[in-house]
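Presented below is the structure to which this report refers.
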Amino acid sequence: MKKWSIGKPDPDVVKSLMNSSDLSRLCAQVLASRSITNIEQASRLLQTTGLEDPFVLKDMEKAAEIINNAINDGIKICIYGDYDCDGVTSSVMLFSYLECLGADVDFYIPERSEGYGLNEAAVKSIADNGTQLIITVDNGISAVNEADLISELGMQLIITDHHQPGEVIPNAQAVINPHQSDCPSSFKNLCGAGVTLKLIAALEGGDYETAMEQFGDLAAIGTVGDIVSLTGENRYIVQYGTELIKNTERCGLIELMRVSGLLGDDDVCHDLSSESIAFMLVPRINAAGRFGSPKQAFSLLNCDDPEEAEVLAGKLNCLNNDRKKVEEDIMNEISASIERDPQILSQRVLVFSGEGWHHGVIGIVASKLIDKYGKPCFVITREGEQSRGSARSFGDFSVYDSLCACSELLIKFGGHPGAGGFSLDTGDIEAFTDSLYRYAFKEHNTMPAYTVCADKLLLPEEATVENAESLHALEPFGEDNRKPLFAVLGAVVTDIVPLAKGAHTKLRLSYGNLSICALMFRTRTCDLKINIRDKYDFIASLDVNTFKGNKSLNLLVCDYRKSGIRQEAYFAANSAYEKYLRDEPLPDAYYQRMLPQRNDLISVYSLISDEPAPIDSIYMKIDQNNINYCKLRICIDIFSEMELIKQTYSDASVSKLHIHNKVNLENSNILRGLREKWGTKAAQ
């Protein structure tokens, strides 16, 4: 079960925002819930009418002059990109622009196996090809040694990047990066494609019209794909670019939208948002760099032949399906490892390793594991004598700090609080895991809880089509401006309807005087443990469905639980249960509260059915005044030990086993051990 946080917007702030703007009450409540306290703050978030003069960026004027001279002199130019969505879109933008100007231009995007950024072998190959000017996009700020090599080989170098600079800036003719300490630009959160867009505008003499009209679509995709903050100038790029994508004549994008399912029967994209870009277009572009070659994505986005574009888009779609299959296989391997050693899940952080796991997806897998288990995750692929890892976290547990604490076991590492990458000797994985456990114990006796945040409680009278449509004023949604979520509490389930042969589920709810549908995508009806006529709580976004010209409101469910759950008691008891599993000391009174009596065991066993059911669904049915979550888990562990039930640890589900012989629970080692601990404590 995930922790919920439900915002309580200040009514006075809401009133002030409404009086100072044309925002709906619901929009004002969402902003107030996110600590927007006045119209000036709201305007800074929502109103971006253009981009700053590109020449404000340090070295932009110098770079534009060098590039224009290179074009005029017929000097061979090479665009050096990166294999992710941001790097590919940036490469296509600058390459196609320079090509249209008649430049002698080529491009180089390293394969993922080469690693990120400039590398010595690639630099030498580019030099052998007669290149005299290299322009990096979305990389280069850390390539100190490679920059020196470029100079030694007699080439010029222009770096355009958005990653954090190190202490030493590479030796280049121009370095454009808004994060440089002496760069006077006001907006620092551009991605690589945003910086490239500004370079193109600078080459146009500072005019954004051509740059935006020709490349705003790709800049928007790169911005969404790189998960940079969707505030300030990035909002303008994504807003403008999304409209361009809807009406694009770029045949590669048309075919990419077709295979993604974004084009309607009339071959028109009617509903495109930052979310659909993020979940439909970006993964297919990234799949090329992960499972094929980034050059395939480059060729698609740079293509002007519809038939070729159709073939290339089909290949990217297949690669994306391959990516999904590999992720599923890794998740299955991890589930199997959990069944072999359930103790893994009781640790403060989760560490998994496997032989030959595709390093291009282990970061995605780590994110999925966080969503499933609610703990920071480190996923390592063993590749012979060396291994590579990717980590994801949340709250105040910093990936970067944890890697620093284990640095003596790492070959190299990098990252930030929420994510990081590292490499290490395969033989050190066990020591690294133990080191992480010790760090977490020392620095985080109580780990942060993975939290789903709702902006406010949605009252029945507020659940209208008009209110849902008013939220468009807050788009585009993404990093630092998430899609609004709302709490719906005490809704009665009146019907359960399978969708797509049970792959998804639709609930019909009675909420106050309102009847409304709640859609649960990727939730199989057979896995849903919801009883008709019972009350449940939901966190959901609002969606407007249009059918034959009529509009209706749906809830898109993010999370749910039975009404009446006391979450603070749940998380405290779960923390105690995990400490018990780790054999960490607990306050004396805890042992008495977690020790099940005969009636407790009978009550819990009666709620376990022949069909697998989530343990959380059983918790929703028990008398929580008498049986807390810790005691429930111990009851289940006792039944599992005595082979009365089958417990699937990886998805926390249980089902009864058919027993033919009488089982005496007094023989349980778990029960005996707890009684001994409580007896010792009581005697003291």
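Of the residues that make up segment 421-441, is at least one at pLDDT below 95, part of a loop (DSSP other than H, G, I, E, B) and crowded, with 16+ Cβ neighbours inside 10 Å?
Checked against the condition, which is being at pLDDT below 95, part of a loop (DSSP other than H, G, I, E, B) and crowded, with 16+ Cβ neighbours inside 10 Å, segment 421-441 yields no hits at all.
Please determine, by comparing only the residues of segment 521-558 that are aromatic (F, W, Y) and loosely packed, with under 13 Cβ neighbours inside 10 Å, which one is nearest to D616 (Cα to Cα). Steps first, please.
Restricting attention to segment 521-558, the residues satisfying the condition of being aromatic (F, W, Y) are 521, 536, 538, 547.
So of that shortlist, the ones also loosely packed, with under 13 Cβ neighbours inside 10 Å come out as 521, 547.
Details: F521: 20, F547: 37 Å.
Going through the qualifying residues, I end up with F521.
Please verify whether segment 103-116 includes one or more residues that are open to solvent by 50 Å² or more (accessible area, probe 1.4 Å) and either part of a loop (DSSP other than H, G, I, E, B) or more than 22 Å from I285 (Cα to Cα) (or both).
Yes: segment 103-116 contains one or more residues that are open to solvent by 50 Å² or more (accessible area, probe 1.4 Å) and either part of a loop (DSSP other than H, G, I, E, B) or more than 22 Å from I285 (Cα to Cα) (or both).
Suppose we keep only residues that are closer than 16 Å to Y619 by Cβ and outside any strand (DSSP E or B) within segment 650-663. Which one would you say is most open to solvent (accessible area, probe 1.4 Å)?
Only one residue tops the list, namely D651.
List every residue pair whose Cβ atoms sit under 7 Å apart, with the two residues 6 or more apart in sequence or on different chains, where the first one lies in segment 384-395 and is under 19 Å from G427 (Cα atoms) and the second, anywhere, is of a type in the set (D, E, K, R) and in a strand (DSSP E or B).
Partner pairs satisfying both residue conditions: E385/D425; Q386/D425.
If you go through segment 511-520 one residue at a time, do you hit one that is more than 24 Å from the chain's Cα centre (by Cα), open to solvent by 70 Å² or more (accessible area, probe 1.4 Å), within 30 Å of E466 (Cβ to Cβ) and without any contact (Cβ under 8 Å) to a residue 12 or more places away in the chain?
Step one: list which residues in segment 511-520 are more than 24 Å from the chain's Cα centre (by Cα), which gives 511-517.
With the extra rule that they be open to solvent by 70 Å² or more (accessible area, probe 1.4 Å), the set shrinks to 513, 515.
Checking which are within 30 Å of E466 (Cβ to Cβ) leaves us with 513, 515.
When the remaining residues are screened for being without any contact (Cβ under 8 Å) to a residue 12 or more places away in the chain, the result is none.
So far as segment 511-520 goes, no, none of its residues is more than 24 Å from the chain's Cα centre (by Cα), open to solvent by 70 Å² or more (accessible area, probe 1.4 Å), within 30 Å of E466 (Cβ to Cβ) and without any contact (Cβ under 8 Å) to a residue 12 or more places away in the chain.
Within segment 402-420, can you find the residues that are open to solvent by less than 30 Å² (accessible area, probe 1.4 Å) and in a helix (DSSP H, G or I)?
S402, L403
Working only within segment 158-182, note down all residues that are under 21 Å from A70 (Cα atoms) and either touching a Phe, Trp or Tyr at 6+ places or on another chain (Cβ under 9 Å) or touching a residue at least 60 places away in the same chain (Cβ under 8 Å) (or both).
I158, T160, Q173, A174, V175, I176
Given (1) under 21 Å from the mean Cα position of the chain (by Cα); (2) part of a helix (DSSP H, G or I), where does K198 come up short, assuming only one miss?
(1)
Please report, ordered by residue number, the strands (runs of 3 or more DSSP E) entirely within segment 456-573 with at least 1 residues that are within 30 Å of R235 (Cβ to Cβ) and of a type outside the set (S, T, N, Q). Can you show your working first?
Numbers: elements: 486-499, 504-511, 514-520, 535-547, 550-562.
In segment 456-573, 486-499, 514-520, 535-547, 550-562 are the strands (runs of 3 or more DSSP E) which contain 1 or more residues that are within 30 Å of R235 (Cβ to Cβ) and of a type outside the set (S, T, N, Q).
Determine if segment 605-627 includes at least one residue that is crowded, with 19+ Cβ neighbours inside 10 Å and of a type in the set (K, R).
Checked segment 605-627: no residue is crowded, with 19+ Cβ neighbours inside 10 Å and of a type in the set (K, R).
Kindly indicate whether any position in segment 213-222 is open to solvent by 50 Å² or more (accessible area, probe 1.4 Å) and either in a helix (DSSP H, G or I) or among the basic types (K, R) (or both). Explain how you work it out, then say what you get.
As a first pass, look at segment 213-222 and keep what is open to solvent by 50 Å² or more (accessible area, probe 1.4 Å): 213-214.
Narrowing further to those that are either in a helix (DSSP H, G or I) or among the basic types (K, R) (or both): 213-214.
Within segment 213-222, one or more residues are open to solvent by 50 Å² or more (accessible area, probe 1.4 Å) and either in a helix (DSSP H, G or I) or among the basic types (K, R) (or both).
So which helices (runs of 4 or more DSSP H) stay within segment 8-86 end to end and still have 2 or more residues that are touching a Lys or Arg at 6+ places or on another chain (Cβ under 7 Å) and in contact (Cβ under 8 Å) with a residue 12 or more places away in the chain? Walk me through it before giving the result.
Details: elements: 11-19, 25-33, 39-46, 60-72.
In segment 8-86, the matching helices (runs of 4 or more DSSP H) lie at 25-33.
Filter segment 329-368 down to residues that are under 21 Å from P448 (Cβ atoms), over 22 Å from the mean Cα position of the chain (by Cα) and in contact (Cβ under 8 Å) with a residue 12 or more places away in the chain and give me whichever is most open to solvent (accessible area, probe 1.4 Å). Break it down stepwise before answering.
So the first thing to find is which residues in segment 329-368 are under 21 Å from P448 (Cβ atoms), and the list is 344-352, 363, 365-368.
After this cut, where a residue has to be over 22 Å from the mean Cα position of the chain (by Cα) as well, the list is 344, 346-347.
So of that shortlist, the ones also in contact (Cβ under 8 Å) with a residue 12 or more places away in the chain come out as 346-347.
Working: S346: 4, Q347: 34 Å².
Across segment 329-368, the extreme among qualifying residues is Q347.
Any residue that is within 28 Å of C526 (Cα to Cα), open to solvent by 20 Å² or more (accessible area, probe 1.4 Å) and in contact with a strand residue (DSSP E or B) (Cβ under 7 Å, 6 or more places away or on another chain) - is there at least one of those in segment 564-587?
Within segment 564-587 (the criterion being within 28 Å of C526 (Cα to Cα), open to solvent by 20 Å² or more (accessible area, probe 1.4 Å) and in contact with a strand residue (DSSP E or B) (Cβ under 7 Å, 6 or more places away or on another chain)), the answer is yes, since at least one residue qualifies.
Out of I618, I622, report the one residue that is more than 33 Å from the chain's Cα centre (by Cα) and either at pLDDT below 95 or part of a helix (DSSP H, G or I) (or both). I'd like the intermediate steps shown before the answer.
Details: I618 fails: more than 33 Å from the chain's Cα centre (by Cα).
I622 is the lone residue from the list that is more than 33 Å from the chain's Cα centre (by Cα) and either at pLDDT below 95 or part of a helix (DSSP H, G or I) (or both).
The values are calculated or read from the model by the stated rules, or taken from the named source; none is laboratory data. What you see is a predicted model; the values in this text were computed from it and never measured. Counting neighbours? That spans all protein chains shown, and the Cβs are built from the backbone with ideal geometry, glycine included. Note: accessible area is taken over every heavy atom of the protein model, side chains too, but ligands, DNA and RNA are not part of it. Shrake-Rupley method; radii C 1.70, N 1.55, O 1.52, S 1.80 Å.
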